[in-house]
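Working notes, beginning with the structure itself.
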Amino acid sequence: MSDRKRNLEAYRDLVDKYFEDTVKGKANPYTSMNGNMYSFLDDTGRICLRMKEDDRARYAETLGTQPVQQYGAIMKGYVAIPEKEYSNEHLLQDAFDLCLRHARTLNKK
């Protein structure tokens, strides 16, 4: 099984577990609420979560990740969760919780 396929399965499992939501998009898997994307799987297989800026900055520093980029543009508000952290239950629970809380505050599009 390819890394991309394995990471997509892990992403779907985590979304189902923490968000109780469905992953949309075939080529670019993501979740959204009220028209706002709040998580996605990037082309390198990292799960990217949208958070309030202070939460995002804390996770980026803790995980040692660079800003999330898609198609050459920085995705403001997103932090990438490296694959090595997919088994870190405590980190994932906290990160997904912060992401979902933030998603609920976003205005409908």
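Scan region 35-54 for residues that are open to solvent by less than 90 Å² (accessible area, probe 1.4 Å) and touching a helix residue (DSSP H, G or I) at 6+ places or on another chain (Cβ under 8 Å) and jot them down.
Of everything in region 35-54, those that are open to solvent by less than 90 Å² (accessible area, probe 1.4 Å) and touching a helix residue (DSSP H, G or I) at 6+ places or on another chain (Cβ under 8 Å) turn out to be Asn36, Tyr38, Ser39, Leu41, Gly45, Arg46, Ile47, Leu49, Arg50, Met51.
With respect to Gly45, determine if the residue is out of contact with any His (no Cβ under 9 Å at 6 or more places or on another chain), in contact (Cβ under 8 Å) with a residue 12 or more places away in the chain, among the small types (Gly, Ala, Ser) and over 24 Å from Asp3 (Cα atoms).
no
Residue by residue through region 48-81, note down the ones that are in a strand (DSSP E or B) and in contact (Cβ under 8 Å) with a residue 40 or more places away in the chain.
Correct list: Leu49, Arg50.
Taking Ala10 as the residue in question, decide whether it is in contact (Cβ under 8 Å) with a residue 60 or more places away in the chain and assigned to a helix (DSSP H, G or I).
Yes: the conditions hold for Ala10.
Return the pair list, or none, for Cβ contacts closer than 6 Å from residues in region 13-37 that are closer than 14 Å to Cys48 by Cα and in contact (Cβ under 8 Å) with a residue 12 or more places away in the chain to residues that are of a type in the set (Val, Ile, Thr) and assigned to a loop (DSSP other than H, G, I, E, B), at least 6 apart or on different chains.
Sorted first by the residue in region 13-37, then by its partner, the pairs are Val15/Val23; Pro29/Val23.
With the structure loaded, tell me whether Leu92 is touching a helix residue (DSSP H, G or I) at 6+ places or on another chain (Cβ under 8 Å) and surrounded by fewer than 19 Cβ atoms within 10 Å (Cβ to Cβ) or whether it fails that test.
Answer is yes for this residue.
Quick one: Glu20 ticks every box in (1) within 22 Å of Lys109 (Cα to Cα); (2) open to solvent by less than 70 Å² (accessible area, probe 1.4 Å); (3) at pLDDT below 95 except a single one, so which number is it?
Failing condition for Glu20: (2).
So which residues in region 23-34 are surrounded by 14 or more Cβ atoms within 10 Å (Cβ to Cβ) and part of a strand (DSSP E or B)?
Step one: list which residues in region 23-34 are surrounded by 14 or more Cβ atoms within 10 Å (Cβ to Cβ), which gives 23, 29-33.
If the condition is that a residue be surrounded by 14 or more Cβ atoms within 10 Å (Cβ to Cβ) and part of a strand (DSSP E or B), then Tyr30, Thr31, Ser32, Met33 are the ones that fit.
The values are calculated or read from the model by the stated rules, or taken from the named source; none is laboratory data. Just so it is clear, the structure is predicted and the values come from calculations on it, not from any experiment. Quick reminder, even Gly has a Cβ in these numbers, built from the backbone with ideal geometry, and neighbours come from all protein chains shown. Areas reflect the complete protein model, heavy atoms only, side chains present, ligands, DNA and RNA absent. Shrake-Rupley method; radii C 1.70, N 1.55, O 1.52, S 1.80 Å.
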